[in-house]
1. Can you give the FRET efficiency to the nearest 0.05 for residue A:80 and residue B:339, using r as the Cβ-Cβ distance and R₀ = 30 Å?
2. Can you put A:106, A:58, A:27, B:84 in order of accessible area, largest first, using a 1.4 Å probe?
3. How much FRET efficiency would the formula 1/(1 + (r/R0)^6) give for residue A:31 and residue B:128, where r is the Cβ-Cβ distance and R0 is 45 Å, rounded to 0.05?
4. What accessible surface, in Å², does a 1.4 Å probe find on residue A:24, ignoring ligands, DNA and RNA and rounding to the nearest 10?
5. If R₀ is 22 angstrom, what is the calculated FRET efficiency for the pair residue B:315 and residue B:6, using the beta carbon separation as r and rounding to 0.05?
6. Measure off 7 Å from each Cα along the Cα-to-Cβ vector at residue A:8 and residue A:57, then give the distance between these two points in nanometres to one decimal.
7. Label points 7 Å out from Cα along the Cβ direction at residue B:353 and residue B:326: separation in nm?
8. Quick check: with the 1.4 Å probe, what order do A:94, A:31, A:122 take by accessible area, largest first?
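The values are calculated or read from the model by the stated rules, or taken from the named source; none is laboratory data. Owing to the predicted nature of the structure, the values given are computational and were not obtained by experimental measurement. Every residue, glycine as well, gets a Cβ built from its backbone with ideal geometry; the counts of neighbours run over all protein chains shown. The protein model used for the area step is the full one, side chains on, heavy atoms only, and it has no ligands, DNA or RNA in it. Shrake-Rupley method; radii C 1.70, N 1.55, O 1.52, S 1.80 Å.
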Amino acid sequence: MKEKGLLSISFLISTAGLLIIFAMGQYSAPCTTDIGSLDFDQVGYNVIVKGEVIDRNYHKDGHIFLTVKDNTGSIIVPIFSNLAVEIGTRLDDCREVEVMGKLEEYRDNLEVIPREPGDIVCLR
Amino acid sequence: MAVGVFTGLIPGIHVNTVIVIVLAMSGALLEIFGHQALIAFIVAMALTHTFLDFIPSILLGAPTEDNVLSVLPGHRLLLDGRGYEAIRLTSIGGVGTILLASLSLPLLLVLIPILYSGIKAYLPYILMLVLFFIVFSENNNRKRFYTAVLVIYSGIFGQLVLESNILNPQVVLFPVLTGLFGISTLLFSLNLNSTIPPQWFEVHKGWYFRGIIGGTLGGILAGVLPAVGSSQSAVLIQQAMKNENDERDFLVALGGVNTSDSIIAILALYIIGNPRSGASIAVEKLVPQMDTGGLLLILGTVLFSTFFAVFLTLNIAKIMILQIERIDYSRLTRGILVFLVILIVAFSGFTGLVIAAVGTSMGIMAHASGVRKSSLMAVLIVPTIIYFL
């Protein structure tokens with residue numbers, strides 16, 4: 001097959017493919033999940049959890065560790081120092097949050113790790 | 001080590017898969033074998049894997065995340081009758097970096113914490129510069145244009161696939177990289193009616209110091225910094241080795257990055273207290289407080305295993321090359337393509353097939369436009385840049 005024709009076809013397929021993958025990504029976007037239903041098989045996926053902030057731990061390196069609880073369980077939400085700086089004092093008095101982040105495992109425990117300030121919404 | 005041979009030779013099977021099983025059974029295994037034996041098992045397996053996994057990458061065009069850039073120079077050497085030499089070069093890199101890292105361990109104990117805290121802030125900008133360099137180092141405007149398109153497309157591809165829930169994160173890289181670098185190369189070979197010439201087992205003699213040093217430095221970078229893997233480090237090294245004669249040094253460096261990354265990631269547990277790989281996470285679970293005794297056990301296992309890993313790699317490579325020579329290459333290529341598609345479907349389903357197809361079309365774009373396939377590494381580099389920004 002001539003190189004030029006191959007280039008055109010592969011360009012079209014790549015473009016169409018990216019659009020399909022984008023649509024698939026939108027379709028599989030995370031929705032709010034019960035904390036108790038999260039398990040280690042879901043590590044690496046993006047999840048959304050919502051619940052009451054029952055503990056707030058400030059690390060000497062500037063990280064903040066929230067413990068968020070709903071009626072099915074609780075989970076740690078680490079907010080690393082660079083994100084904590086961007087969030088500022090917005091969460092200091094927050095009693096209920098909605099957090100979107102990547103589900104990770106750390107020392108046998110699951111954590112939801114937000115990446116951007118907009119990933120944590122104070123509900124109350 | 002036997003398990004490392006198995007995971008290295010079979011595309012799509014990674015040491016992390018075995019580690020998950022080991023950890024699930026760790027209670028019983030610890031009672032039978034003890035901590036030290038299990039740690040030695042994990043380290044030996046991880047190390048052996050890094051030597052053996054170049055064999056399917058170079059001979060079959062089936063790369064993993066860690067050795068993906070070996071496909072093209074390795075494939076070129078294979079089509080030049082020097083497939084054995086390509087694999088040998090990666091083994092030289094592995095051995096060289098292990099020896100260099102062992103000898104410079106006191107320096108690494110000082111350097112790694114500095115690197116960890118110092119470079120992290122500048123890493124996204126360094127990687128951006130690398131992407132600019134990949135584009136502008138092409139020798140005419142037409143190629144620069146196509147390279148830029150491929151960098152943008154593969155960067156978007158990586159960000160869409162790796163940062164969404166479209167596929168299980170544990171398996172998503174296999175269809176991505178197999179499509180971009182494996183299937184596309186094999187399809188293009190079929191299109192060109194490539195044949196495997198008789199293979200030589202005589203090799204070009206050399207010391208490859210540049211490759212060994214580059215591999216060690218790249219391995220340190222990949223082993224210490226989060227979200228930076230052997231491939232991203234390899235792209236940085238590749239930019240430093242631009243001449244045709246550097247292809248051998250590059251394969252040495254790649255072998256070195258792959259092996260030293262796996263070991264430095266475990267050493268990072270002792271030096272900075274953070275695990276950086278599946279194997280190091282497993283070691284941390286078995287020994288929560290890494291001490292000097294643990295460090296010495298790991299070093300001893302590494303040095304002991306390296307000798308056997310190289311012996312196995314070179315001999316298995318010879319056997320496989322002798323078999324490949326007897327087979328019609330286009331039939332072999334078709335067989336490998338079918339095998340890879342089956343693996344993709346088995347591990348990642350129809351979604352993985354769609355992802356592999358998109359990756360394949362981008363890989364073919366690179367071949368058809370005559371630009372370097374390292375531009376497709378944006379699939380991992382762009383998500384890394386975004387992670388650090």
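1. For residue A:80 and residue B:339, the calculated efficiency is 0.10.
2. Highest to lowest solvent-accessible surface, that is A:27, A:58, A:106, B:84.
3. 0.85
4. 50 Å²
5. Numbers: r = 16 Å, r/R0 = 0.71.
Taking R0 as 22 Å, the efficiency between residue B:315 and residue B:6 is 0.90.
6. My value for the distance between the label points is 6.2 nm.
7. My value for the distance between the label points is 3.3 nm.
8. From most exposed to least exposed: A:31, A:122, A:94.
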